[in-house]
Amino acid sequence: MTLFSGLRVLDMTNVLAGPFATSFLALGGAEVIKIENPDGGDLARKLGNVSQLNDQLMGTSFLAQNANKKSVTLNLKPDEGKAVFRALAKTADVVVENFRPGVMERLGLSYASLRDTNPRLIYCAISGFGQTGPDAFKPAYDQIIQGLSGVMDVNGDERLHPLRCGFPLCDTVGGLNAAFAIAAALFHRERTGEGQFVDVALLDSIMPLMGWVAANLLIGGKPPVPMGNDNFTAAPSGTFATQDGHINIAANQQAQWESVCDVVGLPELKTDPRFEKRDVRKANRKALTPLLEAKLVERPTAHWVEALNARGVPSGEILSLGDALASAQIAHRGSIQAVTEPGIGDLKLFNLAAQFERTPGRLESPPPRLSADTDEVLGGLGYSPERVARLRQEGIV
């Protein structure tokens, strides 16, 4: 038994936000069927830094979040293609799409057109701005949402501002929000038997993550100040130079601050009027950092991490991505697992990002080749091999 055993999900999404959402369902044991355009499928199949994989329509961007899924190609424009989709929707628990608002309605495949034949259907639409509102029909990519949400305004420092996050933050968080929303809608259905329409916007999804920063403005009346690697909530809390690199220190409590002073050999700073109290210390962080770094550069990062953590001061190295992915803690947690794709070899991919005692997620199958499961899935609907062959000849699948 897995979290979503027995659930059938029709995944009509492309690129990142939608596929990331459905990846949680797939890793949780749902049957996730990607409904892809016969002409190339999910755009992410062509995206990544390995040209040979892009040519195979198995780009690294696609591989990253499509394990445990099936692939069915379907042209939704012809009437017979629509008929196939409606037949699939009758058997589905969830439909997820990330087209611009109105696209599915123009195809005649909107939630309103599907719920009469499947009133238990959960239909999740993911878009940049939501299905309604003055910006609803504007095109949106992650970087556009980063700019419009204020994310780029709170990143960077006085030298580099505004600054985008180094990965598609808004797409990813939008997908995470969609996965949560789908799970919540399924919980509601268990109690009531009712399906429903779920409207997820990337803009809505990212803004609550800035809750502390936004509260300082909405309630405290203070706009954000770009502070680079410094944490606005405390000092010293940020990144500091050491003998061989840098260290992150987060002395958020008064006792932790005092321990920092003792560990680095500057006990006199504990009673220095510029640094003695929390809010005064924050205001004087530019004077404090050079004093601490003058001591920190005398020893390597590993020394300070061990010494500070031993005193209860949260601190850590700043790892390269490669070192982070290969860390002992990640290996212990089983966060990354390997699955074999016959034409590529072993793929290291992320597992479900939570550990369930009774219903653990499992990485069972590699991301699918385009249309790999069309015959099987349509056969399950009662389509004969001859009929599927005719649909393929006509470009419908």
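The values are calculated or read from the model by the stated rules, or taken from the named source; none is laboratory data. The shown structure was predicted, so the numbers you read here are calculated from the model rather than taken from an experiment. Here Cβ is always computed from backbone atoms with ideal geometry, including for glycine, and neighbour counts include all displayed protein chains.
Worth a mention:
- The set of residues in the range 216-266 being assigned by TED's automatic domain parsing to the domain that holds Leu288, part of a helix (DSSP H, G or I), without any contact (Cβ under 8 Å) to a residue 24 or more places away in the chain and farther than 15 Å from Ala294 by Cβ consists of Glu258 alone.
- In the range 354-375, the qualifying residues are those that are within 16 Å of Pro38 (Cα to Cα) and acidic (Asp, Glu), and the one that is surrounded by the most Cβ atoms within 10 Å (Cβ to Cβ) is Asp373.
- Scanning the range 136-151 for residues that are touching a Leu at 6+ places or on another chain (Cβ under 8 Å) and at pLDDT 95 or above gives Asp142, Ile145, Gln146, Leu148, Ser149, Val151.
- Tally of residues being in contact (Cβ under 8 Å) with a residue 40 or more places away in the chain, among the small types (Gly, Ala, Ser) and in contact with a helix residue (DSSP H, G or I) (Cβ under 6 Å, 6 or more places away or on another chain) across the range 18-72: 2
- Of everything in the range 109-144 that is within 30 Å of Arg164 (Cα to Cα) and touching a helix residue (DSSP H, G or I) at 6+ places or on another chain (Cβ under 7 Å), the residue that is surrounded by the fewest Cβ atoms within 10 Å (Cβ to Cβ) is Gly130.
Conditions (1) modelled with pLDDT of 95 or more; (2) under 23 Å from Ile336 (Cβ atoms); (3) surrounded by fewer than 19 Cβ atoms within 10 Å (Cβ to Cβ); (4) in the same structural domain as Ala92 (by TED's automatic domain parsing), marked per residue:
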{"position": "Gln52", "(1), (2), (3), (4)": "yes, yes, yes, yes"}
{"position": "Asp55", "(1), (2), (3), (4)": "yes, no, yes, yes"}
{"position": "Ala64", "(1), (2), (3), (4)": "yes, yes, no, yes"}
{"position": "Val72", "(1), (2), (3), (4)": "yes, no, no, yes"}
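- Remark: pairs (first residue in the range 1-14, in contact (Cβ under 8 Å) with a residue 40 or more places away in the chain and under 25 Å from Val103 (Cβ atoms); second residue part of a loop (DSSP other than H, G, I, E, B) and among the small types (Gly, Ala, Ser); Cβ separation under 6 Å; 6+ apart in sequence or on different chains) = Leu7/Ala30; Arg8/Ala92; Val9/Ala30; Leu10/Ala92.
- In the range 1-92, counting only helices (runs of 4 or more DSSP H) that sit wholly within it, the ones holding 1 or more residues that are aromatic (Phe, Trp, Tyr) and under 20 Å from Ser127 (Cβ atoms) span 17-27, 79-91.
- Yes/no for Ile247 being closer than 27 Å to Pro162 by Cα and surrounded by fewer than 18 Cβ atoms within 10 Å (Cβ to Cβ): no
- Residues that are loosely packed, with under 13 Cβ neighbours inside 10 Å and either closer than 20 Å to Asp279 by Cβ or hydroxyl-bearing (Ser, Thr, Tyr) (or both), drawn from the range 194-217: Trp212, Ala215
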